[in-house]
Amino acid sequence: MNICVVGSGYVGLVTGACLADFGMNVVGVDKDVDKVEALQRCEIPIYEPGLATVVRTNMDEGRLRFGTELGPAIEQAQAIFIAVGTPSRPDGSADLSFVEQVAKSIGEHLNGFKIVITKSTVPIGTGQKIDKIIREVQTGQHEFAVVSNPEFLREGSAIGDFRNPDRVVIGSVDQRAIDMMLDIYSPLRVADVPFVITNVESAELIKYASNGFLATKVSFINEVAHLCERLGADVETVARGMGLDTRIGPQFLHPGPGFGGSCFPKDSRAVVQIALEHGLHFQIMESVVAVNQATKERMVEKISQAFDGGLKGKTVAVLGLSFKPDTDDIRESPAIEIVKGLLDAGASVRAFDPAAMEAFREDWPQVEYCDNSYDAAAGADGIVIATEWNQFKALELRRLKELLKRPLIVDLRNLYEPAKIRAAGFDYFSVGRVGAQQEQRQEA
Ligand code: UGA
């Protein structure tokens, strides 16, 4: 089957490459000429483990190519995946102008039955909107069907997630479209992956409700962590005790500096906005949005307390800038709030991240970017761990101690055992743990 994937951003690129790997003929179309030229040379503009290999293999085998011309790509395709951006507007609602432009082009170039599939996270009702635009724009009498097929990929493990998903959601009431989607995903059907087939609106909502629920879990455990600090309880043990209940499950119960990325913050706000547009207050999601902001801000206070209440004139080594490990993505990363808070308080920041420094530097040129964790620690008054990259989990403590002015670590991802790290001679602060509380009491 010939497939056109519109948008070669994160979702589009992974989807296109993996569908080519499923044996489809895929053309990825993007209006960014530089990006497309780079992709044609097999240069991948994003950091995603394993993606380069899948792209290269499928380009070499002739199943994957990239271009900028949308019209011919639409005409040749039987299935068109829309994977363009849906950025947040200032009020939190999703800006659909890119999706609408693509729908218009599809209408202009419709030359036979095609399915039009939304991969981007789009507000409920977008499928109908796309259907209406195509119907209004097309001059012929061609049939088409709009399908919602939301994406559940996580950055950093996107290839594995695509090949081995928990489920595939297909939203359409057109049997031809459903059959084509089942064909496209046949390698997953063979592997017994569950398929949820429903109408477009339900599929669209499954995506928002899933991200909203996961974001709620993260905010919930972050609030529990805060409470633990007041009570002298240990959030890691509380999370384990909760997560062993199979109705709760252990995942997404890791406390930290708040959730970031291109999805949870945007989708949580969008759920609130969608509900408001339909006359409802989605109170839990409203709280999740507020709790996440408060969590990020609380981290700056925590760091300030650890640095004896005064950040002015201090040098802080920040390890980790991306919103999570294994990605260079800094969108809504808690590290942004942290670095901003440190700089506003008069501290200097020396930072290291294995992948995200280039992106961070664009907005934060006043930060000093270092070659590695030890370089960042050299001469600093303490370390803040903001992202749980693997390499930050096994730092050479003795070496750090020699390099730092004061042996102080504020670990916002709970990577270390408080007792062990204190035994190594460090002042150690973490999130919601007994040790963190004891340390604060001693300081008081
Ligand atoms: C998320 C979802 O997990 C994917 O299923 C979905 O497809 C994707 O959004 C999307 O809508 O495109 P992603 O944003 O890549 O994926 O990242 P996650 O691994 O879900 O993490 C999101 C944020 O929550 C990160 O800032 C992470 O540090 C934080 N988090 C996650 C925690 O603080 N604690 C946890 O226990 C889990």
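Just so it is clear, none of the values below were taken in a lab; they were calculated from the coordinates. These numbers come from a predicted model, not from an experiment. Ideal geometry is used to build each Cβ from the backbone, glycine not excepted, and the neighbour counts take in all protein chains shown.
Put simply, the amide H of V193, placed in the peptide plane, has no neighbours under 5 Å, leaving out anything fewer than 5 places away on its chain.
The residues neighbouring G379, those whose beta-carbon lies less than 12 Å from its own, together hold a net charge of 0 under the Lys/Arg +1, Asp/Glu -1 convention. Cross-link check: pairs K217/K405; K340/K405; K302/K393 evaluated at a Cα-Cα cut-off of 27 Å; pairs beyond the cut-off: K217/K405. Taking 7 Å steps out from each Cα toward its Cβ at R399 and V33 produces label points 4.6 nm apart. Here the simple spin-label model places points 7 Å from the Cα toward Cβ, and for N372 and A290 these points are separated by 4.6 nm.
For the listed peptides 182-195, 143-156, a ranking on the average number of other beta carbons within 10 Å per residue, highest first, reads 143-156, 182-195. For segment 1-49, what ratio Rg/Rh do Cα atoms give with a Kirkwood hydrodynamic radius? That ratio is 0.94, to two decimals. Between T57 and K340, the modelled label-to-label distance comes to 4.2 nm, taking each label 7 Å out from Cα in the direction of the beta carbon. Stretching the chain fully between K129 and H142 yields a gain of 2.9 nm (0.36 nm per residue, less the alpha carbon separation). In a reduced charge model with +1 at each Lys and Arg Cβ and -1 at each Asp and Glu Cβ, the chain shows a dipole moment near 820 debye about its Cα centre. All alpha carbon pair distances within segment 2-198 were sorted into 10 Å bins beginning at 0; the resulting P(r) in whole percents reads 9, 38, 39, 14, 0. For the chain, the Cα-based Rg and Dmax, in that order, read 23.8, 77 Å.
Sorting 331-343, 368-380 by average packing, meaning the other beta carbons within 10 Å per residue, from highest down gives 331-343, 368-380. Summarised in one figure, the compactness ratio Rg/Rh of segment 263-392, Cα atoms and Kirkwood Rh, is 1.05. Here's the picture: a label point sits 7 Å out from the Cα of S157 along the beta-carbon direction, and within segment 42-61 the residues with their amide nitrogen under 15 Å of it are 49-50. For segment 153-178, the residues whose backbone nitrogen is under 16 Å from a point 7 Å from the Cα of R331, taken along Cα to Cβ, are 153-158.
Using the Cβ-Cβ distance between L182 and Q76 with R0 = 22 Å, the FRET efficiency computed as 1/(1 + (r/R0)^6) comes to roughly 0.50. Only one residue of F113, Q138, G127 has its Cα farthest out toward the positive end of the dipole of segment 107-148, where Lys and Arg carry +1 and Asp and Glu -1 on Cβ, and that residue is G127. Of the Cα atoms belonging to segment 1-117, the radius of gyration and Dmax stand at 14.0, 45 Å.
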